[in-house]
1. I'd like to check one number: the per residue accessible area of the chain, probe 1.4 Å, reported in Å² as a whole number.
2. Please arrange GLU64, GLU74, GLU146 by accessible surface area, largest first, computed with a 1.4 Å probe and ligands excluded.
3. Dipole of the chain (Lys/Arg Cβ +1, Asp/Glu Cβ -1, origin at the Cα centre): which of VAL120, ILE139, VAL100 lies farthest to the positive side?
4. Can you compute the helix-only [θ] at 222 nm over the chain? Use -39500 (n - 2.57) per DSSP H run of at least 4 residues, normalise by all residues, nearest 500 deg cm²/dmol.
5. Return the carbon/sulfur percentage of the accessible area of the chain, one whole number, probe 1.4 Å, all protein chains in place.
6. To the nearest 10 degrees, how steep is helix 82-92 against the longest Cα principal axis of the chain, on a 0 to 90 scale?
7. Among [x] 10, 37, 31, 11, 7, 3, 0; [y] 10, 37, 37, 15, 1; [z] 10, 40, 41, 9, 0, find the value of P(r) over Cα pairs in 10 Å bins from 0, in percent that was calculated from the structure presented, and write down its label.
8. Any chance you could tell me what percent of the C-alpha pair distances in region 98-169 go past 14 Å?
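The values are calculated or read from the model by the stated rules, or taken from the named source; none is laboratory data. Just so we're clear, the structure is a prediction, and the values are computed from it rather than from any experiment. Glycine gets a Cβ as well: all are built from the backbone with ideal geometry, and neighbour counts include every protein chain shown. Ligands, DNA and RNA are excluded from the accessible area calculation, which covers all protein heavy atoms including side chains. Shrake-Rupley method; radii C 1.70, N 1.55, O 1.52, S 1.80 Å.
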Amino acid sequence: MTGMEHLASFTATGRLHGIGIGSTLGEVDQAFPHRFVDVVDEGGTSLRRDYGFVEFYFNSDRGEEWVMSGGSLELHRLASGHDMARTWARATGVTFPRHVAWADLREALAGVPGAPAFEVTDQGGFLEYRAAASDVSVIVVDDAEEERGCHVGHGDVWSIGLWAPVRAN
């Protein structure tokens with residue numbers, strides 16, 4: 001699977017290597033056998049696991065198992081961090097491009113059955129494309145003066161985030 005196909009699948013389903021909202025830390029460890037840094041909040045109830053350009057967020061009631069509450073693919077980090085993409089490709093077999101154009105991701109999504117509809121909001125220099133069906137949010141650079149290079153440029157995907165919506169009890 002190419003990086004673009006992988007991103008399209010994640011955007012459409014909210015699942016990355018088979019994990020998503022509600023996955024346990026153990027399930028993440030099985031799906032992502034990569035080096036990481038863990039940061040636990042002072043209260044011990046939230047955890048951020050950082051794999052470089054992939055991050056996952058977990059919540060736990062003390063003594064309970066960590067459960068995923070969100071995550072993000074920080075694609076903007078690939079523009080200057082070539083080693084991240086190479087390391088990820090060696091470990092997973094998935095090669096990500098240095099820059100991901102939103103137009104290219106939209107084209108890849110067109111070939112995914114059940115691709116979600118997006119609600120678009122302006123985020124001041126960025127556009128957020130939120131898909132409620134998959135609980136995914138795509139942040140795209142919307143500053144015409146931003147050029148590609150060691151950074152993402154206008155029309156490039158900054159990040160793809162996975163979020164757990166607040167649900168009424």
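1. On a per-residue basis, the chain sits at 53 Å².
2. Values: GLU64 120, GLU74 25, GLU146 80 Å².
These residues rank, largest area first, as GLU64, GLU146, GLU74.
3. Among VAL120, ILE139, VAL100, the one farthest towards the positive end of the dipole of the chain is VAL100.
4. After summing the helix terms and dividing by the residues of the chain, the value is -6500 deg cm²/dmol.
5. Ligands and nucleic acids excluded, carbon and sulfur give 49 percent.
6. 60 degrees
7. Label [y] holds the value from this structure.
8. Numbers: 1598 of 2556 pairs.
Percentage above 14 Å: 63.
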